[in-house]
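*Asks:* Please see the structure below; I have some questions.
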Amino acid sequence: MKGIVFTEFLDLVEDNFGYKVVDDIIANSQLSSGGVYTSIGTYPHGEIVQLVMNLSRRTQIPVQQLLQIYGKHFFNVLVKQYGHFLKAVPDAFSLLESIEHYIHVEVRKLYPDAELPHFETKRLDALTLEMVYRSERKMADFAVGLIESCLLHYGETGVVEKNNLTDDGTVVQIRIKKSA
Ligand code: HEM
């Protein structure tokens with residue numbers, strides 16, 4: 001995974017829980033990187049899993065909730081860094097429908113080694129979008145946070161529901177019901 005996923009995560013942990021907790025979760029994880037990341041580097045996905053699980057142990061906040069909180073934060077990081085990709089996208093559903101064939105395609109041009117999920121989308125009606133998340137990295141909760149922030153970014157409100165289609169969380173249905 002790209003270093004930006006790690007550097008932004010550790011910054012968020014430090015802002016919310018202090019440097020001691022950053023130190024502790026790094027010390028309690030087996031990290032081939034030693035816990036030193038650059039935003040453009042590439043690191044094993046397993047390292048972010050360990051860091052999030054150790055933060056959950058340390059704070060008693062469930063992993064699912066931490067990934068959602070981090071997804072919400074990460075969307076704003078992406079808007080700051082890659083806002084130009086969103087300029088021509090008029091609303092939240094259009095952005096979510098464009099991830100597979102536009103947004104993440106542009107990301108892959110920038111970072112050919114980026115590990116990105118796949119999304120199939122279906123608009124069930126004007127206010128409901130169904131997405132199917134597919135990824136070996138099982139980060140659907142991170143996607144839920146990104147989607148919630150995406151709605152906020154466009155000044156829209158709605159409910160995001162997640163439903164595992166496989167027990168291991170590699171295939172997950174996500175339904176977004178917008179308020180009228
Ligand atoms: C709400 C819209 C978005 C959703 C739901 C989404 C979903 C995701 C998810 C779930 C991952 C984690 C990897 C995985 O699960 O396999 C990811 C990674 C990533 N996404 Fe997106 N994404 C969105 C928008 C964007 C935008 C707008 C950008 C930038 C222009 C972007 C760039 C990236 C990058 C750089 C990574 C990390 C890849 C890596 O570490 O190798 N995403 N995205």
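The values are calculated or read from the model by the stated rules, or taken from the named source; none is laboratory data. Nothing here was measured: the structure is a model prediction, and the numbers come from that model. When we count neighbours, we look across all protein chains shown, and the Cβ atoms used for this are built from the backbone with ideal geometry, even at glycine. Side chains are part of the model used for accessible areas, which takes the heavy atoms of the whole protein and leaves out ligands, DNA and RNA. Shrake-Rupley method; radii C 1.70, N 1.55, O 1.52, S 1.80 Å.
*Asks:* Restricting to bridges with both residues inside the chain, how much of the DSSP beta-bridge set is antiparallel, in percent to the nearest 5?
*Replies:* Expressed as a percentage, antiparallel bridges in the chain total about 100.
*Asks:* Would you work out what percent of the accessible area of the range 37-101, with all protein chains in place, is carbon or sulfur (probe 1.4 Å)?
*Replies:* 59 percent
*Asks:* Another one. Heavy atoms of the protein only, probe of 1.4 Å, neighbouring chains included. What is the accessible area of LEU165 in Å², nearest 10?
*Replies:* Its heavy atoms expose roughly 90 Å² to the probe.
*Asks:* Using a ≥ b ≥ c from the Cα gyration tensor of the range 89-180 (square roots of the eigenvalues), is it rounded, prolate or oblate, where a/c under 1.5 gives rounded and otherwise the larger of a/b and b/c decides, a/b for prolate?
*Replies:* oblate
*Asks:* For LYS109, which lysines qualify as cross-link partners when the Cα separation must be under 27 Å and same-chain residues fewer than eight apart are set aside?
*Replies:* Within reach: LYS2, LYS72, LYS80, LYS87, LYS122, LYS138.
*Asks:* Let me ask something else. Straight-line reach from LYS162: which aspartates and glutamates have a Cα under 16 Å away, not including same-chain ones fewer than 8 places off?
*Replies:* Of all the aspartates and glutamates, those that pass the test against LYS162 - Cα under 16 Å, at least 8 places apart if same chain - are GLU120, GLU130, ASP141, GLU148.
*Asks:* When a/c reaches 1.5 or more, the comparison of a/b and b/c decides; with that in mind, is the chain rounded, prolate or oblate per its Cα gyration tensor?
*Replies:* Prolate shape, in that a/c is at least 1.5 and a/b is the bigger ratio.
*Asks:* Also: Hey, what do the phi angles of the range 82-91 turn into as Karplus ³J(HN,Hα) couplings, whole Hz, using 6.51/-1.76/1.60 and θ = phi - 60°, x for Gly and Pro?
*Replies:* 10, x, 4, 5, 9, 3, 8, 9, x, 8
*Asks:* What FRET efficiency, computed as 1/(1 + (r/R0)^6) with R0 = 35 Å and r the Cβ-Cβ distance, is obtained for LYS20 and ASP125, rounded to the nearest 0.05?
*Replies:* Plugging the Cβ-Cβ distance into 1/(1 + (r/R0)^6) gives 0.10.
*Asks:* Leaving out ligands and nucleic acids, note down the accessible area per residue over the range 62-180 with a 1.4 angstrom probe, in whole Å².
*Replies:* With the other protein chains kept in place, the range 62-180 gives 52 Å² per residue.
*Asks:* Further question: Using a 10 Å cut-off on Cβ atoms, rank the peptides 78-89, 10-21 from the highest mean neighbour count down.
*Replies:* Final packing ranking: 10-21, 78-89.
*Asks:* Under 14 Å from the Cβ of LEU129, count the other residues' Cβ atoms, weight Lys and Arg +1, Asp and Glu -1, and hand me the total.
*Replies:* Charge balance near LEU129 sits at -3.
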